[in-house]
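Report on one structure; see the data block that follows.
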Amino acid sequence: MTPTDPIRPDAALADPNLHVALAERLPALESAAAMGGPKDKAALEYALDAWSLLAAYPWQRLNYRYGRWQSEVTAWKALLTFELWESYHWERNTESFQVLDPYTGVRLGEFYAQAALRKFTWGGQPYMQPDVLAMPGGTLEFAGNPASIGVYRPVGGGADTIRLSWCPWLNSGTLREGIAALRSGSADRLPPPYQSIDLDLLDKYRAWFVDEPDKPQRKAPWAYEARTYRPGGPARFGRPR
């Protein structure tokens, strides 16, 4: 059954071609969710979340950068010294990408790449398809809040190129509450993210491929401070309200 979300006049889903294409995919997902297990139910939930975001937000073009060199602790040295003396090295990382203002270059937010989401979503669903982003960067179309959650696609891409993602440092339950408000019509925008991340601090310990395609020759910096911002780590600045 087609979702009943209110569709704003300027929203991405006001495009009749996109509306029809996404609606045609829902019956198969609903049938699989009714007969299948948790991963099938998750696939339907994420498709409905994407629908709600597209019904509330227009596409906007943003720049992105994807893939980086990250300073990581050299584990064997930390173990030998009981973490009294830690050493760091550069390691390739493609777990997330940043979206940037196309005019000023200001970083607007950071999102999980699709490959990184597989370990959080019931064994792979609905992220079995490859990501649609090319490294090291480019332009994409985004609908949602660049600081929290949204859907993206290559510029002019079809329904099969739409992907859902969210900020690694935000609680998915809280994000879903915001989507539920969009779905019910009780809000026309997502709430602002409850947790702030210092991207300046993070990027002190990272080198994005768009700027440095080859592994940096300089020594990897002491990255203890930045480690606390990674997914699963404690928040140092932001706190749930």
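The values are calculated or read from the model by the stated rules, or taken from the named source; none is laboratory data. Quick caveat, the model's predicted, so the values are computed rather than measured. Neighbour counts are summed over all protein chains in view; Cβ atoms, including those assigned to glycine, are modelled from backbone coordinates with ideal geometry.
Numbers below:
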read-out	value
Enumeration of residues in the stretch 197-240 that are modelled with pLDDT under 60 and closer than 20 Å to PRO146 by Cα	TYR229, ARG230, PRO231, ALA235, PHE237, GLY238, ARG239, PRO240
Residue in the stretch 102-109 that is farther than 15 Å from ALA50 by Cα, at pLDDT below 95 and crowded, with 21+ Cβ neighbours inside 10 Å present	yes
Members of the stretch 34-67 that are farther than 16 Å from LEU190 by Cα, small (Gly, Ala, Ser) and assigned to a helix (DSSP H, G or I)	ALA34, ALA42, ALA43, ALA47
Pairs, first in contact (Cβ under 8 Å) with a residue 40 or more places away in the chain and under 16 Å from ARG183 (Cα atoms) in the stretch 3-27, second surrounded by 11 or more Cβ atoms within 10 Å (Cβ to Cβ) and among the basic types (Lys, Arg), C-beta under 8 Å, six or more apart	PRO3/ARG183; ASP5/ARG183
Which numbered condition PRO58 misses (of (1) surrounded by fewer than 20 Cβ atoms within 10 Å (Cβ to Cβ); (2) out of contact with any helix residue (DSSP H, G or I) (no Cβ under 8 Å at 6 or more places or on another chain); (3) modelled with pLDDT of 95 or more; (4) not aliphatic (A, V, I, L, M))	(2)
Neighbours by Cβ (under 8 Å, 6+ apart or cross-chain): first from the stretch 37-58, within 12 Å of ILE7 (Cβ to Cβ) and touching a residue at least 12 places away in the same chain (Cβ under 8 Å); second basic (Lys, Arg) and assigned to a helix (DSSP H, G or I)	SER52/ARG183
Boolean, GLY144 is within 29 Å of TRP90 (Cα to Cα), within 16 Å of the chain's Cα centre (by Cα), surrounded by 15 or more Cβ atoms within 10 Å (Cβ to Cβ) and modelled with pLDDT of 85 or more	no
